[in-house]
Amino acid sequence: MDTLELLRSRLHAAAPRDLSRDLAPRSSRRAAVLVPLFESGGVAHLLLTKRTEKVEYHKGQISFPGGRQEDGDADLLQTALRETHEEIGLAPSMVEVWGRLDEIETFVSGFAITPFVGLIPPPAGLRPNPDEIAEIVAMPLASFLDPTNLRVEQVVREGRSVELVYYENLSHLVWGATARIIRGLVELLEPPGGEP
């Protein structure tokens with residue numbers, strides 16, 4: 001079974017966790033992102049974005065397309081698809097949604113983020129919103145499967161110990177919430193028991 005088929009199978013069988021509202025008191029600030037996967041030349045890729053310096057949160061960082069839930073959104077999946085369309089011009093009809101990952105909290109901006117994983121066509125003709133997106137970044141999924149590119153630090157935030165996750169030695173530094181989402185994706189691909 002190839003990587004994408006294995007990932008799709010494991011996403012269908014997964015039981016993603018939500019944040020405890022007791023541990024995430026600011027979680028009324030809900031957001032959702034799309035984790036877009038595509039295949040090019042037989043290689044699985046993740047599509048990410050580099051945020052501009054104009055945006056309110058996470059300026060200049062590598063992220064997934066997505067954003068804050070709005071009152072008109074039927075659910076968080078609609079939030080992820082709407083924001084993806086607004087940010088990079090990818091129509092919701094072009095996304096084959098496979099499932100979702102664990103909800104995570106951003107430590108600085110205080111959002112509860114729900115990540116949805118979906119397959120998209122190879123990204124041609126996307127139109128990044130210049131106010132929000134400086135660059136569309138495609139990175140091979142294998143880069144994140146290589147444990148030598150992963151660094152994890154323990155820090156204390158608001159009185160609790162949290163992990164800061166970094167993916168280094170790549171074309172772009174990926175860290176923070178985006179790196180934690182990717183780590184959750186990578187963990188789905190590990191054999192049972194966590195053996196590589």
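The values are calculated or read from the model by the stated rules, or taken from the named source; none is laboratory data. Note that the structure is a prediction, hence the values are computed from the model and not measured. Using ideal geometry, Cβ is built from the backbone for each residue, glycine included, and neighbour counts are taken over all protein chains shown.
Numbers at a glance
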item	result
Extreme residue, nearest to residue 6 (Cα to Cα), among residues of region 29-50 that are outside any strand (DSSP E or B) and small (Gly, Ala, Ser)	42
Whichever residue in region 56-104 is surrounded by 19 or more Cβ atoms within 10 Å (Cβ to Cβ), touching a strand residue (DSSP E or B) at 6+ places or on another chain (Cβ under 7 Å) and among the charged types (D, E, K, R) and, among such residues, is farthest from residue 18 (Cα to Cα)	87
Failed item in (1) under 13 Å from the mean Cα position of the chain (by Cα); (2) over 17 Å from residue 37 (Cβ atoms), with residue 100 passing the rest	(2)
Residues being free of Cβ contacts under 8 Å to residues at least 24 places away in the same chain and charged (D, E, K, R) - total across region 161-190	4
All positions within region 159-169 that are farther than 19 Å from residue 50 by Cβ, modelled with pLDDT of 85 or more and surrounded by fewer than 15 Cβ atoms within 10 Å (Cβ to Cβ)	163
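For (1) modelled with pLDDT under 95; (2) out of contact with any Leu (no Cβ under 8 Å at 6 or more places or on another chain); (3) farther than 23 Å from residue 190 by Cβ, each residue gets a yes or a no:
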{"residue": "104", "(1), (2), (3)": "yes, no, no"}
{"residue": "111", "(1), (2), (3)": "yes, yes, yes"}
{"residue": "119", "(1), (2), (3)": "no, no, no"}
{"residue": "127", "(1), (2), (3)": "yes, yes, yes"}
{"residue": "153", "(1), (2), (3)": "yes, no, no"}
{"residue": "157", "(1), (2), (3)": "yes, yes, yes"}
{"residue": "171", "(1), (2), (3)": "yes, yes, yes"}
{"residue": "175", "(1), (2), (3)": "yes, no, no"}
